[in-house]
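Here is the structure we will look at.
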Amino acid sequence: MAALGCESDFFGLASEPLDAAIPGARSLKFVLDRADGDSLYFQNSRKYLVHWEFASEHLSGRGLPVVPDLPSFNETEYYSPDRRFVLGAVTFYETSGEPGIWAFELSGYDTATAEMMELAFRAVAGAAYFGELLRFHPTSEAVLLEAERLPRDIPIVATDEIFAGIDYQPLNLATALGRLAFVRADDLEDSFVGFRDIVVLDRVPNDITVVSGIITAELQTPLSHVNVLSQNRGTPNMGLRGALAHDELRALDGKWVRLVVGAFEWSIEEVDRAEADEWWEAHRPASVQVPFLDLSA
C-alpha cells in the first residue's frame with residue numbers, strides 16, 4: 001500500500017511490535033525504495049514480519065535490482081551508506097489522553113544518515129492521514145545522535161515521553177519457573193545469582209549472568225543489553241515501576257514461583273520445589289559437547 005488514508009488502512013496492516021515494549025502499541029513497517037524514484041510502500045506487517053520478506057517478494061527483479069539473501073540484505077540495508085532501501089516503521093502508542101503518539105522509528109542499530117531519515121520521514125508523513133501528528137522517535141543513542149542533524153521542523157519524541165504513564169512494560173514474552181530474588185544492580189558482581197533465579201532489580205544493569213527471568217523497577221529500552229540477552233536466552237523480561245515495593249513480589253521473595261510475562265499483563269504465583277524442578281528438567285538447555293582432547297600424538 002502506497003498511502004494510508006484512514007484508521008482502517010493502518011490498523012488493518014499493523015501488528016504488535018516485535019519487542020512488545022508497550023502494551024497496546026501497534027506497528028506498521030514501511031520500505032522506501034531509492035532505486036525506484038523513492039517509492040514508498042507500507043507492508044502488511046502481519047504477513048511480512050521483517051522488511052526482507054516483503055522486499056524480496058515484491059521489489060526484486062522485473063526491472064528493479066534483485067534483492068539479495070537475508071544476511072546480505074541486513075548487512076547493506078541497515079549499515080551501508082549506499083543502501084537501496086530506507087527501512088523503518090510507524091508505531092502508534094496508546095496514551096492516557098488523545099490522540100496517542102504516532103512515532104516514526106528506525107531500528108536502533110540502523111546507521112542511516114540524517115538525510116535518509118529526513119527523506120523517509122517526509123515521505124511517510126506526506127502519505128499518511130496522521131502525517132501532521134507524526135514525530136521522530138530515536139530508538140538508540142546512535143540514532144539520536146544522528147537525528148540531532150535533522151531540520152528543526154521534524155519533531156522528536158523521547159522514549160521517556162512515550163513511557164510516561166506506563167507502569168508495566170513487557171520486553172520479552174515468556175514463562176519461567178524459578179526462585180524469586182531481590183538484588184541491587186550494583187551488587188550483581190559481588191552477589192551470587194543462580195541460573196534458576198528470577199531476579200527483581202532496582203534498575204537496568206549493563207550486563208547480567210544467566211538467570212531464569214528479569215524484573216526491573218525502572219523501564220528499559222527494547223534494545224538494552226539485558227533485553228537482548230533475555231531474547232537470546234528465551235527468558236522472561238519485564239519492567240515494572242515500583243517493583244521493589246510491590247506487595248505481591250515482596251511476599252514471594254526467596255520462594256519458587258511461576259512468572260508469566262504477557263503482551264498486556266503479567267502474573268506470578270508460588271509453586272513448590274518439585275514442580276519447579278520438573279519444569280527445569282523439561283526446559284534446561286542442551287548440554288554442550290566438548291570434544292575429547294587427544295594427547296597421544
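Points to keep in mind about this one:
- Any hit, region 207-220, residues being under 30 Å from residue 141 (Cβ atoms), β-branched (Val, Ile, Thr), at pLDDT below 90 and crowded, with 19+ Cβ neighbours inside 10 Å: no
- Only one of the numbered conditions (1) part of a loop (DSSP other than H, G, I, E, B); (2) crowded, with 20+ Cβ neighbours inside 10 Å is violated by residue 180, and that is (1).
- Scan of region 94-123 for residues that are among the small types (Gly, Ala, Ser) and out of contact with any Leu (no Cβ under 7 Å at 6 or more places or on another chain), ordered by number: 96, 97, 100, 103, 107
- Selected residue (criterion: nearest to residue 225 (Cα to Cα)) from residues of region 146-177 that are acidic (Asp, Glu) and surrounded by fewer than 16 Cβ atoms within 10 Å (Cβ to Cβ): 160
Rundown of residues vs (1) free of Cβ contacts under 8 Å to residues at least 12 places away in the same chain; (2) in the same structural domain as residue 39 (by TED's automatic domain parsing); (3) more than 17 Å from the chain's Cα centre (by Cα), yes/no style:
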| site | (1), (2), (3) |
| --- | --- |
| 69 | yes, yes, yes |
| 75 | yes, yes, yes |
| 90 | no, yes, no |
| 109 | no, yes, no |
| 119 | no, yes, yes |
| 124 | no, yes, yes |
| 151 | no, yes, yes |
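- Scanning region 126-145 for residues that are free of Cβ contacts under 8 Å to residues at least 60 places away in the same chain, in a helix (DSSP H, G or I) and buried (at least 17 other Cβ atoms within 10 Å of the Cβ) yields a total of 1.
Yes/no per residue for (1) exposed (fewer than 12 other Cβ atoms within 10 Å of the Cβ); (2) at pLDDT 95 or above; (3) in a strand (DSSP E or B):
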| position | (1), (2), (3) |
| --- | --- |
| 254 | yes, yes, no |
| 260 | no, yes, yes |
| 275 | no, yes, no |
| 278 | no, yes, no |
| 286 | yes, no, no |
| 289 | yes, no, no |
| 293 | yes, no, no |
| 296 | yes, no, no |
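Okay, residues lined up against (1) out of contact with any helix residue (DSSP H, G or I) (no Cβ under 7 Å at 6 or more places or on another chain); (2) surrounded by 14 or more Cβ atoms within 10 Å (Cβ to Cβ); (3) within 29 Å of residue 164 (Cβ to Cβ); (4) assigned by TED's automatic domain parsing to the domain that holds residue 94:
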{"site": "235", "(1), (2), (3), (4)": "yes, yes, yes, no"}
{"site": "244", "(1), (2), (3), (4)": "yes, yes, yes, no"}
{"site": "264", "(1), (2), (3), (4)": "yes, no, yes, no"}
{"site": "269", "(1), (2), (3), (4)": "yes, no, no, no"}
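- Those residues of region 72-123 which are surrounded by 17 or more Cβ atoms within 10 Å (Cβ to Cβ), of a type in the set (S, T, N, Q) and in contact with a Lys or Arg (Cβ under 8 Å, 6 or more places away or on another chain), in sequence order: 91
- Residues that are touching a residue at least 40 places away in the same chain (Cβ under 8 Å) and not in a loop (DSSP other than H, G, I, E, B) within region 228-247 comprise 230, 231, 237, 238, 239, 240, 243, 244, listed in sequence order.
- Failed item in (1) in a strand (DSSP E or B); (2) in contact with a Ser or Thr (Cβ under 9 Å, 6 or more places away or on another chain); (3) in contact (Cβ under 8 Å) with a residue 60 or more places away in the chain, with residue 31 passing the rest: (3)
- Any hit, region 57-65, residues being of a type in the set (Lys, Arg) and either touching a Pro at 6+ places or on another chain (Cβ under 6 Å) or on the phi > 0 side of the Ramachandran plot (or both): yes
- Restricting region 162-206 to residues that are of a type in the set (Ser, Thr, Tyr) and within 22 Å of residue 280 (Cβ to Cβ) leaves a set whose member that is modelled with the highest pLDDT is 175.
- Residue 56 falls short on exactly one of the conditions (1) touching a Lys or Arg at 6+ places or on another chain (Cβ under 9 Å); (2) surrounded by 15 or more Cβ atoms within 10 Å (Cβ to Cβ), and that condition is (1).
The values are calculated or read from the model by the stated rules, or taken from the named source; none is laboratory data. The structure displayed is predicted, hence computed values, not measured ones. Cβ: placed from backbone, ideal geometry, glycine included. Neighbour counts: every protein chain shown.
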